[in-house]
Amino acid sequence: MSGLTSAEASRIKFTSSGKGYNKREVARIQRRVSGALLAMERNLGEDMPITAQEIKDAAFAMNIGGFDYEEVDMFLDRAHRIVSSFEQTRHVQENTPLLALMASEEAAETGFTIVFRGYNIASVDRYVARIADSIEAHETGRRSFSTDAAQASRKLFELSMRGYAEHQVDEFLDAAAETLRHYESRRRPESGSTQRMA
């Protein structure tokens, strides 16, 4: 969270000053920011208590004995950067076309044409089994993987007499790598009258 968790946000104590931001209004925004960070930590971004724009536009009345405005502004600036980054990432994800994921059963049952000279059959079969196992691990929530997207995308096989058709195996590896990359990306996991002072 770029050095700011929901727990930290809720525990921050601002200094009282001669004249500063209304304490009740600041506390209300602080709770909403903490709630947004908690939603992000729990991957509940669809139910954010506050948006990046609302944080940016936050304004507070000035009172004698209110919270030091520089401290509050620094806190809100940090929160704005974090929530804004989260919103941008979520926007990209929501507007990316859905990937036709390869199921583990589909991977395990994939067959290739045997040609006069192609990829070594035993080597390909072993790696296909590793791919199927890794996809199944993602599907079931198991945290032990036989291979990953990076390995699948650069996997090479030796050529042998009577092997699998190269283009078919390469296309399978590309599709498997995209499926694994999709799963991996999901595992890695937002009022007063006086404007904030610059």
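Annotation: residue 169 fulfils all but one of (1) of a type in the set (A, V, I, L, M); (2) farther than 25 Å from residue 186 by Cβ; (3) surrounded by fewer than 19 Cβ atoms within 10 Å (Cβ to Cβ); the unmet one is (3). Could you tell me whether the range 152-174 includes any residue that is part of a loop (DSSP other than H, G, I, E, B) and more than 21 Å from residue 122 (Cβ to Cβ)? Taking every residue of the range 152-174 in turn, none turns out to be part of a loop (DSSP other than H, G, I, E, B) and more than 21 Å from residue 122 (Cβ to Cβ). The residue that is farthest from residue 182 (Cα to Cα), among those in the range 100-140 that are surrounded by 19 or more Cβ atoms within 10 Å (Cβ to Cβ) and among the aliphatic types (A, V, I, L, M), is 124.
Of all residues in the range 141-151, those being assigned to a loop (DSSP other than H, G, I, E, B) and either surrounded by 10 or more Cβ atoms within 10 Å (Cβ to Cβ) or at positive phi (or both) number 6. Count of the range 29-55 residues, restricted to those that are exposed (fewer than 15 other Cβ atoms within 10 Å of the Cβ), among the charged types (D, E, K, R) and over 13 Å from residue 9 (Cβ atoms), is 3. The lone criterion from (1) over 13 Å from residue 173 (Cβ atoms); (2) at pLDDT 95 or above left unmet by residue 130 is number (1).
The values are calculated or read from the model by the stated rules, or taken from the named source; none is laboratory data. Given the structure is predicted, the values throughout are model-derived calculations rather than measurements. FYI the Cβ positions are ideal-geometry reconstructions off the backbone, even for glycines, and counts take in every protein chain you see.
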